[in-house]
1. Using alpha carbons only, how many angstrom separate the centre of region 59-79 from the centre of region 120-173?
2. Any chance you could run the full-extension gain for residue 54 through residue 169? It's 0.36 nm times the residue separation minus the Cα-Cα distance, nm to one decimal.
3. Which far-off residues, 5 or more places away or on another chain, put their amide H under 5 Å from the one on residue 109, with H placed in the peptide plane?
4. Would you list 158, 83, 78 from the most to the least accessible area, probe 1.4 Å?
5. Under a 5 Å amide H to amide H cut-off, with H placed in plane at 1.01 Å, what residues pair with residue 81 once short-range neighbours are removed?
6. What spacing in nm lies between the two simple spin-label points modelled at residue 120 and residue 161, each 7 Å away from Cα in the Cβ direction?
7. Enumerate the calculated ³J(HN,Hα) couplings along region 82-89 in order (Karplus 6.51 cos²θ - 1.76 cosθ + 1.60, θ = phi - 60°), each rounded to whole Hz, writing x wherever the residue is Gly or Pro.
8. Residue by residue through region 99-113, which ³J(HN,Hα) values in whole Hz follow from phi under the Karplus form 6.51 cos²θ - 1.76 cosθ + 1.60 (θ = phi - 60°), with glycine and proline marked x?
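The values are calculated or read from the model by the stated rules, or taken from the named source; none is laboratory data. As the structure is a computational prediction, the values presented were derived from the model and not from experiment. Please note: Cβ atoms are built from the backbone with ideal geometry, for glycine as well, and neighbour counts cover all protein chains shown. Accessible surface areas use protein heavy atoms only, side chains included; no ligands, DNA or RNA. Shrake-Rupley method; radii C 1.70, N 1.55, O 1.52, S 1.80 Å.
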Amino acid sequence: CITSTLVFAQAKKADSSLGTAYLLSKEGSSYDPPIAVKASKKWKIGVVLPHLANPHFVGQAYGYADEAKKLGVEAIIYEAGGYTHLDTQMSQVEDLISMPVDALILVAINPDGTIPMVEKAVAAGIPVINCNVMTASEKVVSRVRCDDTIIGEMQAKYMIEQVKGKGNFIVIAGVAGS
């Protein structure tokens with residue numbers, strides 16, 4: 001449930017573009033082509049991301065925007081400017097609560113640091129969906145994420161196959177605190 005306004009706000013910069021929403025067919029497998037649907041009303045969905053410094057979150061932001069446009073709802077997308085800007089993410093969530101939005105999608109900057117923002121949104125009657133980077137709050141209505149352990153195992157198996165069981169590997173960590 002996500003329209004035609006896209007706000008990327010670090011310093012409250014705005015950009016208008018949106019575009020694609022689908023509901024997988026109830027018949028057949030999840031590999032069947034998706035069926036476009038429209039929302040029953042013009043929902044306003046807030047999305048808060050940690051940053052737009054890598055292609056993962058840029059793609060995620062445009063995915064939300066595209067789905068919103070297809071659904072005929074409004075996505076208001078903020079990015080905090082990095083994992084060290086918990087105060088910015090909190091301020092952005094407070095802005096979304098005051099609008100108000102109908103729902104909030106949270107990609108947490110910090111598991112424990114995001115508990116108060118989740119609790120404020122829930123207290124205001126706004127459901128929070130936690131995506132990708134988890135909050136420690138138990139008050140979210142849903143969590144959407146990949147199993148990083150399984151992904152790591154698959155990557156390791158592939159690399160081992162490629163070097164035929166012989167070789168050395170280095171693991172390079174991402175941004176501290178991510």
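1. Value for the Cα centre distance between the two parts: 22 Å.
2. Working: separation 115, 0.36 × 115 = 41.40 nm, distance 2.32 nm.
Result for the pair: 39.1 nm of gain on full extension.
3. none
4. On the way: 158 130, 83 35, 78 15 Å².
The ranking, largest first, comes out as 158, 83, 78.
5. 51, 52
6. Placing both labels 7 Å beyond Cα along the Cβ direction yields 4.8 nm.
7. With coefficients 6.51, -1.76 and 1.60, one gets x, 5, 8, 10, 4, 4, 5, 4 Hz.
8. 4, x, 9, 7, 7, 10, 9, 10, 9, 5, 7, 8, x, 7, x
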